[in-house]
1. Can G79 be described as surrounded by fewer than 18 Cβ atoms within 10 Å (Cβ to Cβ), at pLDDT below 95, more than 12 Å from L24 (Cα to Cα) and within 13 Å of the chain's Cα centre (by Cα)?
2. Kindly provide the set of residues from region 65-87 that are small (G, A, S) and over 16 Å from S13 (Cα atoms), ordered by number.
3. Can you name the residue in region 12-58 that is in a helix (DSSP H, G or I) and of a type in the set (S, T, N, Q) and is also farthest from E82 (Cα to Cα) among such residues?
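The values are calculated or read from the model by the stated rules, or taken from the named source; none is laboratory data. Remember, predicted model here, so these are calculated numbers, not experimental data. Note that we place each Cβ from the backbone using ideal geometry, even for glycine, and neighbour counts take in every protein chain shown.
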Amino acid sequence: MVQDGQLLAVFNSAHRVMKAESVLKAKRLPVLLIPAPRALSADCGLALRYDEEASADVMQTLTDENLLPAFICRRLAGGKYETIWNEDGSVPSNL
């Protein structure tokens, strides 16, 4: 389950998300592999959930490993999601 304020890193393939999970857990970062919520369009159906406090370390590790996600979103109150980062640099949008 995703709590309000938590972040989800959504990837384009199951292989990439599982590799990212492995790398992040090896660095003892608090991430959890979960099924992507239906409100998000996730090609692989999986996402990594983590708290805002771990965001900088998660992003730095994923950047270093060349494993950036397709996008990152934050769960808002009421079950909506706000895209806060896109791999292609496009303007974030609310889902």
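1. Numbers: surrounded by fewer than 18 Cβ atoms within 10 Å (Cβ to Cβ): yes; at pLDDT below 95: yes; more than 12 Å from L24 (Cα to Cα): yes; within 13 Å of the chain's Cα centre (by Cα): no.
No.
2. A77, G78, G79
3. S22
Here is a yes/no grid of residues against (1) in contact with a helix residue (DSSP H, G or I) (Cβ under 6 Å, 6 or more places away or on another chain); (2) surrounded by 14 or more Cβ atoms within 10 Å (Cβ to Cβ):
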| residue | (1), (2) |
| --- | --- |
| Q6 | no, yes |
| F11 | yes, yes |
| K19 | no, yes |
| S22 | no, no |
| R28 | no, no |
| A36 | no, yes |
| Y50 | yes, yes |
| D57 | no, yes |
